[in-house]
Amino acid sequence: MTTTLAGCLGGVGGDDDDGIFKIGHLAPTGMAMGVGSERSAELAVDEVGKVRDQEIELISENTETDPGGTSEIVERMIVEDNVDLLVGTFSSEVTQRITGTIADEDVPFIITGSADQSTMANTTGDDYEHNKNIFRTGPINSELQAEAMADYAEFLSDEHGWNTFGHLSEEAAWTKSFQELLPDELRSRGFDVPYDDTVSLSTDNYTSILDDLESAGVDAVLRFFASGGQGKLLKPWITNRYPFAVEGTHVASMNPEFWGQTQGICRFETTAQSGGGGVTDVTDKTLEFVEAYEDEYGDDGAPTKPMYMGFNTYDAIHFYSKVAEEAGTINYNDDLDDIVEAMHSVEYTGAAAEISLYGEDSDYPNDAKETRTDGKISNYPVTQWQANEDDEGGHHELVYPAANSSGDHIAPPWM
C-alpha cells in the first residue's frame with residue numbers, strides 16, 4: 001500500500017522545523033554507481049556542515065531501478081522524515097515516476113543521475129508553476145549530450161580520419177534523444193551513418209550486431225548503454241578484432257574496477273562521464289574532491305572513485321547550500337519562489353563542472369546548462385580505458401575535450 005499525500009503536509013522547509021536540515025538521497029546503492037553517490041553525499045554533508053545554521057542529516061535509501069518501490073520511498077521521506085531536499089535518482093524511468101509526487105509537495109528535488117531531457121522539458125516545461133521545484137544540476141541532458149557526441153565525432157575525425165559512424169542505443173528513456181537526433185546531427189556535419197539501431201536490454205549475444213557493423217564499414221560505433229551491455233559487446237569485439245572503435249557512453253565501464261572485473265576486455269573503449277573519471281582536473285575542485293573521497297573511503301572497497309553520479313550528487317549538495325544562502329531561506333512551503341529564483345541566479349564551480357541552470361522560459365527549464373568552448377560543448381568529458389605502462393592492469397585517461405585531457409586517444413591498433 002502506498003501513502004496518499006493529498007492533504008498531507010510534508011517537511012515545513014527547515015525554518016520552522018526541528019533545527020535539522022534533512023536531505024533525502026535516492027540512488028541504487030546495490031550498484032557501484034549508487035554507492036559512489038551515497039559516499040559522495042556523505043562527504044558533501046560533512047564539508048558543508050550546516051545549511052542556514054541547521055545541522056544536516058542525510059537519509060539515504062536504495063532505490064535500485066524500481067519505479068514503484070522508489071515512489072513509496074519518496075512518499076515516506078516526505079511524510080515521515082520531513083526532508084527539506086531530495087537529491088539523486090539514476091534511472092530516468094524512476095525519475096519520471098516520482099516527479100508528480102514531489103511536485104505536489106513542493107520539496108526541492110535535484111536530479112543528479114538520470115539524463116533524459118523530457119523529464120525537464122515535458123514535466124517542468126509543460127506546467128512550470130506546478131513543477132518548478134524540480135531541477136537537474138548534472139549531467140547535462142541527453143539532448144545536449146547528443147550534440148556533444150557529434151562534437152566528439154568531429155574530434156575523432158580530426159585525430160584519426162574517421163568519417164563513418166554507427167549508432168547503437170539500448171532501449172531506454174535516456175537514449176531517446178540519441179536515437180532521434182544523433183544520426184541526423186552526424187550527417188549534417190558531413191559524416192556517413194550507415195548503421196543506426198537499438199538493442200534490447202536483455203540482449204546477451206552481440207556477434208550478429210558486430211558483424212553488421214563491420215559489413216556497414218563503420219570506423220567507430222557510438223553506443224549508449226546504461227543498464228544493458230555490461231561488457232557483453234566488448235568481449236567478442238576485442239577477441240575477434242573487429243575493425244572499428246567502440247565509443248560513446250557505457251555506464252558499467254565508468255566503474256574504476258571495470259578493467260579488473262572484465263580482465264581488460266574494455267581496453268580502447270571510451271565512455272563519456274561527469275567528472276571525467278576523476279583522473280585529472282576538469283575544474284580546480286575535481287582532484288581535491290577525488291582525493292578527499294579516496295582518503296575517506298579508500299579502504300572500504302569499490303568503487304574507489306566517486307563515479308559520475310557521485311560527482312553530480314556531491315556538487316548538488318554544495319550548490320544548494322549556496323542557494324540557501326542566496327535565497328535567505330530553506331522554507332520551501334512559504335518561500336519556494338525565492339528558492340527557485342536563487343537556483344537560477346547562483347553560479348557554482350563544482351568538482352564536475354561549472355554549474356548554472358536554465359530559466360523558466362528556456363527549452364530546458366531548471367536544467368543544467370552546457371558550457372561551450374569555441375562553440376563545442378565542453379562539460380561532457382570522455383575517458384578511454386588504456387593499459388598501464390607495465391601492462392599490468394589498466395586505467396582511465398581523459399581524452400576529450402583537449403583542454404582537460406590527461407592523455408591521447410588511442411585507436412585500436414588492429415584497425
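FYI, it's all coordinate maths here, none of it is from the lab. No experiment lies behind these values; they were computed from the predicted model shown. So basically every Cβ, Gly included, is an ideal-geometry build from the backbone, and we count neighbours across all protein chains shown.
If you wrap the tightest convex hull around every Cα atom of the range 34-104 and split its volume per residue, you get 89 Å³.
Please state, as a whole number in µm²/s, the translational diffusion coefficient that the Stokes-Einstein equation yields for the range 307-415 at 37 °C and 0.692 mPa s, with Rh defined as the Kirkwood radius across alpha carbon pairs.
Taking Rh from Cα pairs, D becomes 198 µm²/s.
Distances longer than 13 Å among the Cα atoms of the range 352-415: what percent of all pairs is that? Of all Cα-Cα distances in the range 352-415, 71 percent exceed 13 Å.
Rounded to the nearest angstrom and listed largest first, the equivalent-ellipsoid semi-axes of the range 53-186 from its Cα gyration tensor are 34, 15, 14. Where both bridge residues fall in the chain, DSSP classifies roughly 30% of the beta bridges as antiparallel.
If you average 1/r over all unlike Cα pairs in the range 279-366 and invert the result, what Kirkwood radius do you get in angstrom? Let's see the in-between values first.
Values: mean 1/r = 0.0692 Å⁻¹.
Final number for the Kirkwood radius of the range 279-366 is 14.5 Å.
When Rg and the Kirkwood radius Rh are both evaluated on Cα atoms of the chain, their ratio Rg/Rh stands at 0.97.
Label-to-label distance for Tyr128 and Ala387 is 5.5 nm, based on points extended 7 Å past Cα in the beta-carbon direction. Considering all different alpha carbon pairs of the range 201-250, the Kirkwood hydrodynamic radius works out to 11.0 Å. Compactness of the range 293-332 was expressed as the Cα radius of gyration divided by 2.2 N^0.38 Å, which yields 1.58. Measuring between alpha carbons in the structure, the pairs from Lys132/Lys322; Lys235/Lys305; Lys176/Lys285 lying more than 29 angstrom apart are Lys176/Lys285. For q = 0.10, 0.16, 0.24, 0.25 Å⁻¹, what log10 I(q)/I(0) does the range 217-310 give under the Debye formula with an equal point scatterer on each alpha carbon and no solvent? Debye output, listed in q order: -0.30, -0.71, -1.23, -1.29.
Taking the longest Cα principal axis of the chain as reference, the axis of helix 286-297 is set at about 80 degrees. Under the classification rounded if a/c is under 1.5, otherwise prolate if a/b is larger than b/c and oblate if not, where does the range 171-257 fall, given a ≥ b ≥ c as square roots of the Cα gyration tensor eigenvalues? Oblate shape, in that a/c is at least 1.5 and b/c is the bigger or equal ratio. For the range 86-145, what percent of Cα pairs sit more than 16 Å apart? Of all Cα-Cα pairs in the range 86-145, 32 percent lie more than 16 Å apart.
Once the range 123-175 is represented by equal point scatterers at the alpha-carbon sites, with solvent omitted, what log10 I(q)/I(0) does the Debye formula produce at q = 0.18, 0.25 Å⁻¹? So the normalised log intensities are -0.77, -1.05.
Fraction of C-alpha pairs exceeding 26 angstrom in the range 121-235: 27 percent, rounded to a whole number.
I want to verify the translational diffusion coefficient of the range 231-284 in µm²/s; compute it with Stokes-Einstein, Rh as the Kirkwood radius over Cα pairs, at 20 °C and 1.002 mPa s.
178 µm²/s
In the chain, the calculated helix contribution to ellipticity at 222 nm averages -11000 deg cm²/dmol per residue, counting -39,500 (n - 2.57) for every DSSP H run with n ≥ 4.
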